[in-house]
Amino acid sequence: MKIPMTLSRIALFLSLVLLPVLRLHAQSIPAFNDIKSQADLDQAGAALDTALFDAYNRCDLQKLSSFFAADLEFYHDRGGVTLGKEKLTESVKNNICGGDVRRELVPGTLRVYQMDGYGMLEIGVHRFYHPKSNTPPGEGQFITLWKYEDGAWKATRAISFDHHLVAVK
C-alpha cells in the first residue's frame, strides 16, 4: 500500500538533504576573521565571485540577491546606476534572464585586497557570452566591494566598466 508523502514529510526530507549542501557552501567561503593570509583572502574572493556568478548564469534570482546588501550601489558604464538590492535583482531578471547570457571571469585577472574592518575589494576582468546571437563576446573590468557583516559576505558597491567586444580564438 502506497502512502502519499505529506507536506511535513517532504519538508523534513528536503531539510535533511539540502541543509548539509547549504552548510558546505557557507563553509567554503571563510568568515572575515578567519582570513589570516593573502592566500585565504584570494580563496574567499574567488569563491564569492564563483558563487555570485553561478547564480547569475543560472538566473537563480533568490540566491543572486542573497549576495547583495540592501543598499547596494551598482554602476555600469553603459547602463548607468542601479541603487538597491531589489532594483538590481529586477534588472538582472529583465535584462539577463532568458537572454542566454553567460558571464565568465577571465583567468588570471582576479585581484583581491583586504579592507581592514570592512571586508575585501575584488578587481578583475569578466567576459560575457551571447550564444544565441552569434556575436563576439563582450569584455569589461569590474570592481566589487564586499562587506562581511552578521556572518555573511554582501556586495555593497560594484562598478562594471570598459565594456567592449573581443575577438576570441
Name the residues in the range 43-89 that are touching a Lys or Arg at 6+ places or on another chain (Cβ under 9 Å), over 18 Å from THR144 (Cα atoms) and part of a helix (DSSP H, G or I), would you? LEU61
Within the range 7-22, can one find any residue that is β-branched (Val, Ile, Thr), in contact with a Leu (Cβ under 7 Å, 6 or more places away or on another chain) and at pLDDT below 95? no
Across the range 41-90, what is the total count of residues that are modelled with pLDDT under 95 and of a type in the set (Asp, Glu)? 0
Looking at SER91 and the list (1) of a type in the set (S, T, N, Q); (2) in contact with a strand residue (DSSP E or B) (Cβ under 9 Å, 6 or more places away or on another chain); (3) surrounded by 15 or more Cβ atoms within 10 Å (Cβ to Cβ), which single condition is not satisfied? (3)
Is it the case that some residue within the range 120-140 is among the small types (Gly, Ala, Ser), under 27 Å from ASP34 (Cα atoms) and surrounded by 14 or more Cβ atoms within 10 Å (Cβ to Cβ)? yes
Residue ID - surrounded by the most Cβ atoms within 10 Å (Cβ to Cβ), chosen from residues in the range 76-88 that are touching a His at 6+ places or on another chain (Cβ under 8 Å) and charged (D, E, K, R): ASP77
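Condition check ((1) without any contact (Cβ under 8 Å) to a residue 24 or more places away in the chain; (2) part of a strand (DSSP E or B)) across all residues:
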position: SER91; (1), (2): yes, no
position: CYS97; (1), (2): no, no
position: GLY117; (1), (2): yes, no
position: GLU122; (1), (2): no, yes
position: LYS132; (1), (2): no, no
position: PHE142; (1), (2): yes, yes
position: ARG157; (1), (2): no, yes
position: PHE161; (1), (2): no, yes
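Residue by residue, here is whether (1) of a type in the set (Lys, Arg); (2) modelled with pLDDT of 95 or more; (3) over 19 Å from the mean Cα position of the chain (by Cα) holds:
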residue	(1), (2), (3)
PRO107	no, yes, no
LEU121	no, yes, no
GLU139	no, yes, no
LYS147	yes, yes, no
GLY151	no, no, no
ILE159	no, yes, no
LYS169	yes, no, yes
Taking the range 23-40, which residues are at pLDDT below 50 and either exposed (fewer than 10 other Cβ atoms within 10 Å of the Cβ) or of a type outside the set (A, V, I, L, M, F, W, C) (or both)? ARG23, LEU24, HIS25, GLN27
Out of (1) part of a helix (DSSP H, G or I); (2) exposed (fewer than 14 other Cβ atoms within 10 Å of the Cβ), the one PRO107 does not meet is (1)
Which numbered condition in (1) at pLDDT 95 or above; (2) closer than 23 Å to ALA46 by Cβ; (3) in contact with a helix residue (DSSP H, G or I) (Cβ under 8 Å, 6 or more places away or on another chain); (4) not aliphatic (A, V, I, L, M) is the only one that ARG102 fails? (1)
Positions within the range 103-115 being polar (S, T, N, Q) and in contact (Cβ under 8 Å) with a residue 40 or more places away in the chain, in sequence order: GLN114
Under 8 Å by Cβ, and 6 or more places apart or on different chains, what pairs join a residue from the range 37-50 that is farther than 12 Å from LEU121 by Cβ with one that is surrounded by fewer than 20 Cβ atoms within 10 Å (Cβ to Cβ) and of a type in the set (Ser, Thr, Tyr)? ALA47/SER28
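The values are calculated or read from the model by the stated rules, or taken from the named source; none is laboratory data. All figures in this text were calculated on a predicted structure; none of them were measured in a lab. For neighbour counting, all protein chains shown are included, and Cβ atoms are generated from backbone atoms with ideal geometry for every residue, glycine included.
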